[in-house]
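Written below as structure tokens is the structure these notes are about.
Nothing in this text is a laboratory measurement; each read-out follows from the coordinates by a stated rule. Given the structure is predicted, the values throughout are model-derived calculations rather than measurements. Ideal geometry is used to build each Cβ from the backbone, glycine not excepted, and the neighbour counts take in all protein chains shown.
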Amino acid sequence: MESILIQHATLFIALAAIFGLFMAWGIGANDVANAMGTSVGSGALTFRQAVMIAAVFELAGAVLAGGEVTATIRKGIIDISSIGDQPELLVYGMLASLLAAGIWLLVASRQGWPVSTTHSIVGAIVGFGAVGIGMEAVHWGKVGTIVASWVTSPLLAGAISYFLFRSIQKLIINTDNPAESARKYVPAYIFIVGFIIAMVTMVKGLTHVGVKLPMNQSAMIAVAIGILITVIGAAMIKRIKYDPEANRDFHFASMEKIFGVLMIFTAMAIAFAHGSNDVANAIGPVAAIVGVVQSAGEIAAKSATPLWILLIGGGGIVFGLMTYGHKVIATVGTGITELTPSRGFAATLGAAITIVFASGTGLPISTTHTLVGGVLGVGIARGIGALNGDVIKTIFMSWIVTLPAGAGLSILFFFLFKGVLG
């Protein structure tokens, strides 16, 4: 059966690249729009600025820190040894998964539903594995861990965001002079953002590029990066022009302007975190296909993800956001609860911290769930009446539909490819 792979090698790799790009486009249209929704919705960034930040930091996250999760998507969900002497089944299945997840994301993005790209691809891979290869081929334990993380990640992000926003309320919002307090404390929040992202990149992200630093060195570099970013942020805060009139209408106008600076940094953080975790949803299957085809059916236990595949993922994501991201941005940015820069900051940072840690442990969690959890946490901190129940219900329903939709489409395409190419 080796001959099928050798015979159609170029076709398989070309299809993998095209479907991977399509899936990455869907991630950009749907998921990055979630990630940027808080920044755009709170008025801290324009859509164009959000696209520019996403372009740079999604790509950086994908290339620098995307390797760990890619390994899970590529070979953690399906037991590769059960395929035996039919390696082409893995190729059909991964192609089917990419196409299925990509189509579902296109449908969801058209509707403005923020669904989970991680659900879409994991559901698709489980679908073809269970039906096309056999129930025993699926690592149900691993799937269980991933499913559990879909519940724990929004709870964790919600909790972090809740306490972050409470700290902002205590230190800044509920003081006599919020703008003065913001000037004093916001640099500390900027330091936290810089330090956490740098730390996780050092400890986890760079290992697959072959850079391994001892813990104390990583910590020192992360502190230095945190300080550098704080200095830049402080300089930006100094340059803000305040409008005394605006404060008369809205007591917190000057304070929110300062948080606007902070939102620029949290937008970078969430784009980086998102690139590091979710690029795997598009390129994990591509890496699996390329690995099998290039080794003529040898299913390697460990293979590095080639750089061109990481670039397809990062590039496709940015393109999806530019061309089709505006609908989902509206849902997350203004639909769930009214966001201002200080609220958006707490939601985004809570989500970014959660995603980056999950990414470091190789758990594909849902950015969407995490971010919606963060926004809900901030809403709860403001009082439950601040939440829009209808929007939350719709989002919740679209989450439930995503798994079966991904699995069903994937099974369909799997048998189609098997029939046509086999």
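What's the exposure ranking of Asp85, Asp176, Asp278, going from fewest to most Cβ atoms within 10 Å?
Least to most surrounded, the residues fall as Asp176, Asp85, Asp278.
Hey, can you grab everything whose amide H is under 5 Å from the amide H of Val138? Only 5+ residues off in sequence or another chain; H modelled, so Pro and N-termini drop out.
Placed amide hydrogens put Asp79 under 5 Å from Val138.
Along region 312-323, what does the Karplus equation 6.51 cos²θ - 1.76 cosθ + 1.60 (θ = phi - 60°) give for ³J(HN,Hα), rounded to whole Hz, x for Gly and Pro?
4, x, x, x, x, 4, 5, 5, x, 5, 4, 8
Across all directions of projection, what mean area in square nanometres is found for the Cα convex hull of region 117-202?
7.9 nm²
Between Leu213 and Leu412, what is the label-to-label distance in nm when each label sits 7 Å out along the Cα-to-Cβ direction?
Going by the 7 Å Cα→Cβ label model, 4.9 nm.
Test of understanding: what is the full-extension gain from Glu180 to Ala159, defined as 0.36 nm times their sequence separation minus their Cα-Cα distance?
Length gained, Glu180 through Ala159: 4.9 nm.
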